1. Tally time: how many residues in segment 1-29 are surrounded by 23 or more Cβ atoms within 10 Å (Cβ to Cβ) and either of a type outside the set (A, V, I, L, M, F, W, C) or outside any helix (DSSP H, G or I) (or both)?
2. So if I check each of Leu252, Leu337, which one is assigned by the TED database to the domain that holds Ala353, in contact (Cβ under 8 Å) with a residue 40 or more places away in the chain and in contact with a helix residue (DSSP H, G or I) (Cβ under 6 Å, 6 or more places away or on another chain)?
3. Tally time: how many residues in segment 268-305 are in a loop (DSSP other than H, G, I, E, B) and not hydrophobic (A, V, I, L, M, F, W, C)?
4. Does segment 413-440 hold any residues that are open to solvent by less than 70 Å² (accessible area, probe 1.4 Å), closer than 12 Å to Leu68 by Cβ and basic (Lys, Arg), and which are they?
5. If the requirement is being at pLDDT below 90 and over 16 Å from Asp105 (Cβ atoms), which of these qualifies: Gly77, Gly92?
6. When you go through (1) modelled with pLDDT of 95 or more; (2) open to solvent by 50 Å² or more (accessible area, probe 1.4 Å) one by one for Pro193, which number turns out not to apply?
7. Those residues that are in contact (Cβ under 8 Å) with a residue 12 or more places away in the chain and either open to solvent by 30 Å² or more (accessible area, probe 1.4 Å) or assigned by the TED database to the domain that holds Gly103 (or both), I need them from segment 290-305; list them, please.
Amino acid sequence: MTKQPIQVIGGGLAGTEAAWQIAQAGVPVILHEMRPKRFSPAHHTENLAELVCSNSFGAMASDRAAGLLHEELRQLGSIVIAKADEHAVPAGGALAVDRGQFGEDLTQTLANHPLIDFRRGEVTAIPEGIVVLASGPLTSPDLSADLQRFTGMEYLNFFDAASPIILGDSINKDIAFMASRYDKGEAAYLNCPMNKEQYLHFWEELRQAEQTELKDFEKETAKFFEACLPIEEMARRGEDTMRYGPLKPVGLSDPRTGERNYAVIQLRQEDKAGQLWNMVGFQTNLRWGEQKRVFQMIPGLEKAEFVRLGVMHRNTFLNAPQLMSASLQFKERPTLLAAGQLIGTEGYTAASAGGWLAGTNAARLALGKEPLILPVTTMMGALFEFIRSAAPKHFQPMAPNFGIVPDLGVRIKSKPEKYGRYRDRSLADLASWKTENLAV
């Protein structure tokens with residue numbers, strides 16, 4: 001058993017969760033975050049757990065994959081999900097947060113923990129001892145080079161993009177209407193409707209709009225993650241691609257007319273005051289001038305004021321099936337653990353889940369205990385089993401979904417019933433696992 005500090009590299013969602021779990025286990029931890037001394041291309045604040053893309057953690061309902069992962073983390077004492085619940089803003093059926101309050105609270109909470117030594121500054125090489133690597137998909141060049149030397153393999157690359165955020169007072173509420181799809185939960189989304197003529201004109205302009213030029217090294221490795229396609233890339237794939245994606249009108253009716261529009265752009269509330277609104281599904285790499293020109297063609301956004309325009313950046317992730325176990329330890333160095341997008345899990349909640357397991361197992365190593373592996377019938381366990389066992393040749397980032405969970409063994413036609421059964425099995429198995437492995 002050792003009480004030497006465990007080092008956590010990276011103060012994103014995974015690193016924040018890992019550091020908290022280590023400290024809560026009674027083990028000292030040094031949390032390294034390079035901001036504000038050095039910023040990544042996607043970060044804008046000094047806060048821990050900054051949400052750089054969207055303010056949504058996904059569906060809240062526990063019979064949905066994201067919602068089930070939320071509930072598993074609640075049962076396991078996740079600090080990230082606890083703070084997300086505390087700083088939630090209306091978002092229909094989704095768990096969305098006031099990202100400013102969320103990040104500030106987590107930063108203050110961890111900085112005040114007596115066992116957390118919070119250090120600002122870049123780490124350029126993997127330290128000795130027990131280490132949790134949570135440096136994220138935009139790991140700094142020096143640390144990336146050291147990790148590449150350690151693994152002996154090239155990174156895989158894909159591109160990720162963030163949506164614009166609009167000032168609420170600049171949205172024309174005479175055109176945009178409040179509603180949630182299928183009337184689920186309160187009417188929490190602003191919806192900008194389009195008729196067919198408006199949609200086709202918008203589609204033509206969007207697919208011809210000028211993009212930011214990629215650097216030569218980025219062009220060679222450019223590969224979009226399918227769950228986060230730039231909106232202009234969707235437009236180029238076909239006339240109706242957006243209408244079957246983020247602009248789908250199904251389940252939405254204008255309460256003023258009762259009619260369903262040809263296409264609908266949804267805006268999701270970013271802050272508790274309702275002053276900031278995110279363009280759902282509008283990740284983009286358009287030049288900023290083009291973003292304003294094209295997006296102000298949307299009905300209701302003719303005079304939109306953008307407080308943040310969309311950006312795109314290259315993400316990197318490891319070939320986890322070759323390198324890691326389901327305990328999130330590196331096979332070649334069990335005292336080195338990793339979590340977050342760097343290992344090929346996708347989404348805020350998955351990053352937090354990885355941070356929970358990597359932090360918990362790092363603390364157990366320091367305390368002379370065996371590392372844990374979660375039941376594969378849980379969403380967390382299934383996700384980490386996937387990154388361990390996927391085919392290395394075709395490995396791509398994976399978001400939580402029921403397709404990676406073991407089959408129930410019975411044929412159930414109703415999806416709600418089937419997903420409810422997945423949830424019930426997961427939470428029951430997690431409760432038994434907790435009693436066996438985490439009882440004090």
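The values are calculated or read from the model by the stated rules, or taken from the named source; none is laboratory data. Source: prediction; values computed, not measured. Neighbour counts are summed over all protein chains in view; Cβ atoms, including those assigned to glycine, are modelled from backbone coordinates with ideal geometry. In case anyone asks, the SASA skips ligands and DNA or RNA and just uses the protein heavy atoms, side chains included. Shrake-Rupley method; radii C 1.70, N 1.55, O 1.52, S 1.80 Å.
1. 13
2. Among Leu252, Leu337, only Leu337 is assigned by the TED database to the domain that holds Ala353, in contact (Cβ under 8 Å) with a residue 40 or more places away in the chain and in contact with a helix residue (DSSP H, G or I) (Cβ under 6 Å, 6 or more places away or on another chain).
3. Total meeting the criteria: 16.
4. Arg423, Arg425
5. Going through Gly77, Gly92 in turn, the sole match is Gly92.
6. All conditions pass for Pro193, except number (2).
7. Glu290, Lys292, Arg293, Met297, Glu302, Lys303, Glu305
Here is a yes/no grid of residues against (1) open to solvent by less than 20 Å² (accessible area, probe 1.4 Å); (2) at positive phi:
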| position | (1), (2) |
| --- | --- |
| Met234 | no, no |
| Arg237 | no, no |
| Lys248 | no, no |
| Gly251 | no, yes |
| Pro255 | no, no |
| Glu259 | no, no |
| Gln266 | yes, no |
| Gln275 | no, no |
| Val280 | no, no |
